[in-house]
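The values are calculated or read from the model by the stated rules, or taken from the named source; none is laboratory data. What you see is a predicted model; the values in this text were computed from it and never measured. For neighbour counting, all protein chains shown are included, and Cβ atoms are generated from backbone atoms with ideal geometry for every residue, glycine included. The area values use the complete protein model at the heavy-atom level, side chains included, leaving out ligands, DNA and RNA. Shrake-Rupley method; radii C 1.70, N 1.55, O 1.52, S 1.80 Å.
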Amino acid sequence: MACSLLDAVGEEWFGVAAVRGVDGSEVLEGLGVDPSVSVARYRIDEATEHLGWSSSAIRLYEHPSADWVYLFDASPQEGVVSRESVLVRLSSGCEVVAAWTLVNSTTRLAHARDGQVVARCDAWSYEPASGIAPQRLNAALEQVGFFPGERDEEEERPSSAALALEALEQGFGLAVDAEAVRGPLPTVVVPATAG
């Protein structure tokens with residue numbers, strides 16, 4: 001299974017969101033961060049070392065030719081990019097998809113648009129997404145065989161985290177350069193008022 005998000009973040013613990021319809025400075029404004037302030041750049045493996053394990057920091061990835069702006073939790077255990085308040089703020093006038101997982105835990109997915117979370121899925125039970133408009137997220141999950149019974153029982157089943165990332169890539173057209181995501185990216189702390 002080729003999945004550049006999986007290549008970029010691994011499947012043990014991560015938080016990733018993608019925002020379509022805005023640029024990086026608008027994403028920062030939506031998070032309550034002044035986009036004109038100079039920000040530090042951290043690699044995926046050093047952000048927590050500099051910012052602390054309980055930091056509400058995100059790393060921002062924006063490719064000039066991409067439709068999406070990506071946010072990666074610098075401290076995935078905090079789950080900043082999948083918080084309801086963050087999804088609502090970020091999706092005002094646009095669309096956001098997010099996935100979050102912790103080591104030996106569950107994977108959660110969300111789809112938000114126009115200031116409202118329209119679908120959520122908790123992979124712990126492998127149940128379809130629920131919400132006011134879960135169809136698109138459920139279609140993406142079905143496409144990759146996320147739900148039990150959609151794969152041959154003899155076939156080894158990928159983790160829920162790997163399937164969730166693959167579903168977001170295929171169902172929403174996400175694509176990143178894994179090497180760039182692992183490298184130094186602009187990193188900001190999300191103010192408590194936004195999270």
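List of remarks:
- Surface calculation, 1.4 Å probe, protein heavy atoms: Leu6 sits at approximately 30 Å² accessible.
- Built amide H within the under 5 Å cut-off of Ala57, gap 5+: Ala74, Ser75, Val190
- Highest mean packing comes first when the peptides 44-51, 67-74, 171-178 are listed by Cβ atoms within 10 Å, giving 67-74, 171-178, 44-51.
- Ranking Leu31, Gln170, Cys121 by Cα position along the charge dipole of the chain, where only Lys, Arg, Asp and Glu carry charges on their C-beta atoms, puts Leu31 farthest toward the positive end.
- Relative to the longest principal axis of the Cα atoms of the chain, the long axis of helix 160-172 makes an angle of roughly 80 degrees.
- Largest to smallest accessible area among Trp13, Trp100 [probe 1.4 Å]: Trp13, Trp100
- Paramagnetic reach from Glu142 in the range 156-184 [backbone N under 19 Å; point 7 Å along Cα→Cβ]: 163-173
- Centroid-to-centroid, using Cα positions, the range 110-142 and the range 65-109 are 13 Å apart.
- The alpha-carbon positions of the range 43-96 define a convex hull whose volume is 79 Å³ per residue.
- Phi angles across the range 112-129 convert, under the Karplus curve 6.51 cos²θ - 1.76 cosθ + 1.60 with θ = phi - 60°, into 3J(HN,Hα) values of 10, 7, 6, x, 8, 6, 9, 7, 9, 9, 10, 6, 4, 9, 6, 8, x, 4 Hz, Gly and Pro given as x.
- Most mobile of Ala98, Ala180, Ala119 in a GNM of the chain (Cα contacts under 10 Å): Ala180
- For the chain, averaging the sequence separation of C-alpha pairs within contact (under 8 Å, six or more residues apart) and dividing by the residue count gives a relative contact order of 31 percent.
- In a fully extended conformation the segment linking Arg157 and Thr106 would gain 16.8 nm over its present Cα-Cα distance, using 0.36 nm per residue.
- Taking Ser159, Ser55, Ser75 as the candidate residues, the one with maximal mean-square fluctuation in a Gaussian network model of the chain, Cα springs under 10 Å, is Ser159.
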